[in-house]
Amino acid sequence: MSTRKKIPAILVLILTILAIFARPHPAHAALAITGVAPNVVVNDSTTVITITGTDFADPSIVSLGGTALTTTFVSATTLTAVVTPGFAPGVYDVEVEVPGTGSVVLPAGLSILAPTATPMPFSRPQIVIDTYSISVSTISYGSDFNLLVSLDNAGGSTAYGLQVTFTSTDLIMLKNGGVIAVGSLGTVGKANITQTMTAAISLYGLTRVSVDMNVTYYDEIGTTYSEKFTIYIPVTPTGTGGGVVYSTATPTGVQKSQLVITSYTTDVDPLQPGVTFNLDLIVQNLGTIDAKSVTMIVGGGSSSGGGTPQAGVSAGSGEFTNFAPVGTSNVKSLGDVKAGVSIEASQQLIVNVSTNPGAYPMKISFVYTDTSGNAVTDEQVITLLVYRLPQVEIGFYQPVGEIYVGQPGMLPIQVVNLGRSTVVLGTMTVETSGGVVENGQMLIGALDMGGYFPLDAIVYPDAPGTLELVITIGYTDDFNQPRTLTQTLSVEVMDMFIEPTPEGGFPDEPVDPGTGESFWQKIWRFILGIFGLDSGSNIPELVPTELPFETIPIEPMPEGGKG
């Protein structure tokens, strides 16, 4: 090749190299960490944390205090790492190392707590009766006695300003008017109180009397609570005339009826504020004679007819602060109940929307007459438990994009608190039987009213079609029992699309119609020629088609003339 021919070739090579290096190259941001979510975890379970930043690469390594974690590269701005159970509690610097690039540290980026450091979701005080007794075997008219009660705090925090009030229609409170200030009661220990009483009226014909014990207190933030307990005390019957004691011997074969609630259920479980439910009871006559014209009074009541059933009952003074009748009144007619027979009774009730979670006693009275026509009232007490469970909505906070088989698909999951108060939720887990889920577990914590918590999980589906996602959230209810919220979401998975390989040249590249070659094929053959390699064209040469040659005769010009 001559010098004159080499100069254009070298010039073309230089221009080609300049064109290659003149293409814009993406600018890389500096390696940095902008955040860690969640930044507080408990070391009693496996937790996946998400590290956000810039200039991450695959592979990247996340470390806590020099301990490398199992790390997953999601994108140049997102990494996930697994904090295993039993990791030592403390505040750790979060370090991200990109081999070949460098490392960066976020000081105090993650706090790891021991299980005992996690606050209980609901830690209200709960006062209950541990034991109670009286100073005599049975009480009698004209004799004083002491009622001894031991109170216990079954809740999770201290009860402050604890005050107890005793009331009874049959007994008189002595010395203190029936009011006792206890003070504070923690979760450890008991509070023992003593109340002196005496019978207010003759107890003739009675086998027991009742005392209502009302307890009020408040917690450390000033929320007030009240409990009501009914205590039954055995009686030694006495006469009505001048304090003369009548014989109370019970001869063999005495005939009486006695109605007892042997079991009760509700058709809604658990009970929550604002819920309407049916209270179903099984009532059995454990006596030896029939009970006639039985009337059930929910909330407590008595006969107002002085032994005459037709005169009606007194049922309007019952306790309806937390539960109220719906549909019908609190009075139900049960008819006659034969001795030894069980019957079913029901009452529709509603839980007051202002009722706080707790255990609430309910008095139920049975008013009837025996075979001798005497009016009898049997009173029972049952306990109903009220919960305030979380009201949350689980869904996608934005439309789910196209998801293909075997390819990572983003799941923008979000939990929203629809309740009227703050709730504390545990770990949310996303699972599916039709693929693999990454970053599918995270601790939620406290959610304010109307607050939300997002989780960007990644799924790798196994097959096309409808993919079922099961989202489970654990939490602890008002009585410190573990519960779970479960919801199923569906997404559509499409089969993987394979782009066909183009034939000849590069896509969208112009081809020289004269040679059948593209521009880049010509450059490649030119570079091969510079290095002395085979630079011949693989495109068949275009050979012109030979056309038949036809001889055209030429006529001679005539001689002479002026043509």
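Bear in mind these aren't lab numbers, they're just calculated from the coordinates by the rules spelled out. Remember, predicted model here, so these are calculated numbers, not experimental data. Every residue, glycine as well, gets a Cβ built from its backbone with ideal geometry; the counts of neighbours run over all protein chains shown.
Tell me, rounded to the nearest percent, the portion of alpha carbon pairs in the range 164-236 spaced more than 16 Å apart.
Values: 1495 of 2628 pairs.
So the pairs more than 16 Å apart make up 57 percent of the total in the range 164-236.
Which ³J(HN,Hα) values, rounded to whole Hz and listed in residue order, are derived for the range 447-458 from phi using the Karplus coefficients 6.51, -1.76 and 1.60 in 6.51 cos²θ - 1.76 cosθ + 1.60 with θ = phi - 60°, glycine and proline given as x?
These are the phi-based 3J(HN,Hα) values: 10, 5, 4, x, x, 9, 9, x, 9, 9, 8, 10 Hz.
Using the alpha carbon gyration tensor of the range 151-203, what are the three equivalent-ellipsoid semi-axes (square root of 5 times each eigenvalue), largest first, in whole Å?
Details: eigenvalues 159, 21, 14 Å².
Output for the range 151-203: semi-axes of 28, 10, 8 Å.
Using only alpha-carbon positions, what ratio does the radius of gyration of the range 313-396 give when scaled by 2.2 N^0.38 Å?
It is 1.49.
For the range 99-222, just list the percent of Cα-Cα distances falling in each 10 Å bin from zero outward, please.
Each 10 Å bin holds this share of Cα pairs: 11, 31, 21, 13, 8, 6, 4, 3, 2, 1.
For the pairs K338/K363; K175/K228; K228/K338, note any where the Cα-Cα span goes beyond 29 Å.
Values: K338/K363 23 Å; K175/K228 22 Å; K228/K338 33 Å.
Violating the 29 Å limit, Cα to Cα: K228/K338.
Which chymotrypsin sites (Phe, Trp or Tyr not before Pro) in the range 45-107 pass both tests, a DSSP loop state and at most 13 other beta-carbon atoms within 10 Å?
none
Excluding V105 itself, what net charge comes from residues whose Cβ is under 13 Å from its Cβ, given Lys and Arg +1 and Asp and Glu -1?
Working: positive: none; negative: D93, E95, E97.
Around V105, the charge tally is -3.
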